Each structure stands twice: as C-alpha cells, then as structure tokens.
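Asker: One structure, as structure tokens, below. Some questions next.
The values are calculated or read from the model by the stated rules, or taken from the named source; none is laboratory data. This is a predicted model, so every value here is computed, not measured. Here the Cβ is made from the backbone with ideal geometry for all residues, glycine too, and neighbour counts use every protein chain on show. Quick note on the areas: whole protein, heavy atoms, side chains included, nothing else; ligands and nucleic acids left out. Shrake-Rupley method; radii C 1.70, N 1.55, O 1.52, S 1.80 Å.
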Amino acid sequence: MTSPHPAIALPRLIAHRGLSAHAPENTLAAVRAAHAAGFSWVELDVQLLGDGTPVIWHDATLKRCSDGHGRLASLDLAAVRKLDVGAWFGDGFRGERMATLREMLDLLVELDMGVNMELKVTSRRSGTELAEAVIPRLLEALPPERLIVSSFDQPALGQARAIADASLLPIGVLSESVPAKWQSRCEALEAFSIHTDWTRLTAYRAREIKAADYRLLCYTPNDPAAFANRWAWGVDSAISDDPALFEGIAPPPALGQP
C-alpha cells in the first residue's frame, strides 16, 4: 500500500529551537545560526499572543528568555515588539525581537529549510484555536516535504488533521514517554511520526514503532555517547540543542521512507 504521507528526506540531526546552544532559542538568529552550521531542519514552538498573533516562543511567560514579565496570552504584538529576547543569552544578540510566525516562515522559505513546528498549548488558549490560526499559514508557506506539525495536545492535533489530510500535513505525536496505546492514537490522526524524550524510550517500544512504519524522533539528546544505542534501536532523528556534537558519530542521513 502506498503511504499517504509525503516522502520527507528527514535528516538525522535537527536543531532544537534553532541552534539553541549557540543563539537565543526560537529566534530568527537561532535559525540563521542553524543554517550557517549546515543543518537543514529546525524544531520550533508556536503559540498565540492575547491578540491572536502567532509567535515563535516556548514558555507561557516572558521571564526566562526576555527582559520582560507577564504571560503571552495577556499581551499584544505591540507590547512584545518592545522586548529584547536576545540579551539574556549574550551581548552579541542584544536587540533581537520576538519573531512572529509570518517572519519565521519567510526566513525558512528564504533559507530553504524544513521545520518541526510544535503547537505549544498553554492553559490560557485552546489547542483548537491555536491550530486554526497556525496550520493554514504553514500550509501556505511550506511544502509538506519540509514540514512536520507536532504537539502534546490532542485537540490541537485533531484540529490540524481536520484542516489538512496526511498527504499535505505530516503530524508528529509528542509524548514524554510512549504510552501503551500509542498506535491507536497515531492511527486516529494518520500520524507520520512519534516524538519522545530520548531518556524514556525503550528498545522494545522503538521496535514496535518502527515495525508499524512510523518515523521516530527523540528530544533533546546532547550527549552523543549516551544516545548512541538509540540509533541501533531505529531512531530516525535526534532533536538536539547542539547537533554538531553528533557529527561524525551519527549514522549517515536517512533519505525518504525508512
């Protein structure tokens, strides 16, 4: 049977939140750094501001990665444009601004990069609302061969699938540890991949996933030696803060379907 999914040339190494070991996470600068370092895919987070603007940001609040305070769901674009989201990481990034989804997509298109975009659902917004705001923009900007949408939130993924079928939108099911009933969830979503914490993955579960013909991605390994046996288990991609650590150690890039 022909797979309903696009033939994604998924790389072995994906830069987590951009090249976040060397630039402020989830910024345009971090994506540019990943590209300059030779990585073709990045993982990023998207959520909504209070005015409904999709922005590239991980936390529900501003505190950790900016010079501001407060919750994103209480702010509008004009307010977050005033924030410095780079100086916390280093003086060389002083003046970096929070990226809108539109700005980030424009950069990904310019650099010809792929993205695993995580729908980051917070307690103040619904996953359905987030998917409705984000998915059409992703589909307009990127071909399905350069896109995976993932989330821990079932309603967000369900709405994403309602918007586009598997041939247009590869979906990744995110889970800290892969649950016993993982396959029924993946089948309901016509998922392309499963994304899990590398420290919680077992060889048994990895074999199950690969036998069922799903792609298997792990976050966030930064120790190549400790991660090495996961490649033997069939892991397709490592989403790392510093993927250059794995160069020369990871297997050759996997092309097309496994």
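Asker: Separation between the Glu145 and Arg207 pseudo-spin-labels, each 7 Å from Cα along Cα→Cβ, expressed in nm?
Answerer: The answer from the label model is 3.5 nm.
Asker: Trypsin sites (Lys or Arg not before Pro) within region 153-254: which are DSSP loop residues with at most 14 other Cβ atoms inside 10 Å?
Answerer: Here the trypsin sites (Lys or Arg not before Pro) that fit, given the DSSP loop and packing criteria, are Lys181.
Asker: Something else: Tell me the mean residue ellipticity at 222 nm calculated for the chain from its helices only (DSSP H runs of n ≥ 4, each -39500 (n - 2.57), averaged over every residue, nearest 500).
Answerer: The helix-only estimate for the chain comes to -8500 deg cm²/dmol at 222 nm.
Asker: Return the distance in nm (one decimal) between the two label points of a simple spin-label model at Lys181 and Glu247, each offset 7 Å from Cα along Cα→Cβ.
Answerer: According to this spin-label approximation, the distance is 4.5 nm.
Asker: Using only the Cα atoms of the chain, what are the Rg and Dmax in Å?
Answerer: 17.4, 54
Asker: Do any trypsin sites (Lys or Arg not before Pro) in region 1-76 lie in a loop, going by DSSP, with at most 10 other beta-carbon atoms within 10 Å of their beta carbon, and if so which?
Answerer: Sparse-neighbourhood loop trypsin sites (Lys or Arg not before Pro): Arg64.
Asker: By its C-alpha gyration tensor, with a ≥ b ≥ c as the square roots of the eigenvalues, how is region 94-163 shaped: rounded for a/c under 1.5, else prolate for a/b larger than b/c, else oblate?
Answerer: oblate
Asker: Before I look further, what does region 1-145 give for accessible area per residue, probe 1.4 Å, in whole square angstrom? Could you put the intermediate results ahead of the total?
Answerer: On the way: 5930 Å² over 145 residues.
With the other protein chains kept in place, region 1-145 gives 41 Å² per residue.
Asker: Then there's this: If you take the Cα atoms of region 1-121, find Rg, then find the Kirkwood Rh from the mean of 1/r over all pairs, what is Rg/Rh?
Answerer: Ratio of gyration radius to Kirkwood radius: 1.01.
Asker: Further question: Quick one: grab the alpha carbon gyration tensor of region 98-138, order the square roots of its eigenvalues as a ≥ b ≥ c, and give me rounded if a/c is under 1.5, else prolate or oblate depending on whether a/b is larger than b/c. Mind dumping the intermediate values first?
Answerer: Values: a/c = 2.41, a/b = 2.19, b/c = 1.10.
Verdict is prolate for region 98-138.
Asker: To the nearest 0.05, what FRET efficiency results for Ala73 and Asp197 with a Förster distance of 25 Å applied to their C-beta separation?
Answerer: The calculated FRET efficiency here is 0.45.
Asker: Here's something else I'd like to know. May I ask you to derive the relative contact order of the chain, considering only C-alpha pairs under 8 Å and at least 6 residues apart, and to give it as an integer percent?
Answerer: 22 percent
Asker: Taking Lys63 as the anchor, which lysines have their alpha carbon closer than 24 Å to its alpha carbon, excluding any fewer than eight residues away along the same chain?
Answerer: Excluding near neighbours in sequence, the set is Lys82, Lys120.
Asker: Classify region 128-226 as rounded, prolate or oblate, taking a ≥ b ≥ c as the square roots of the eigenvalues of its Cα gyration tensor: rounded when a/c is under 1.5, otherwise prolate if a/b is larger than b/c and oblate if not.
Answerer: Prolate.
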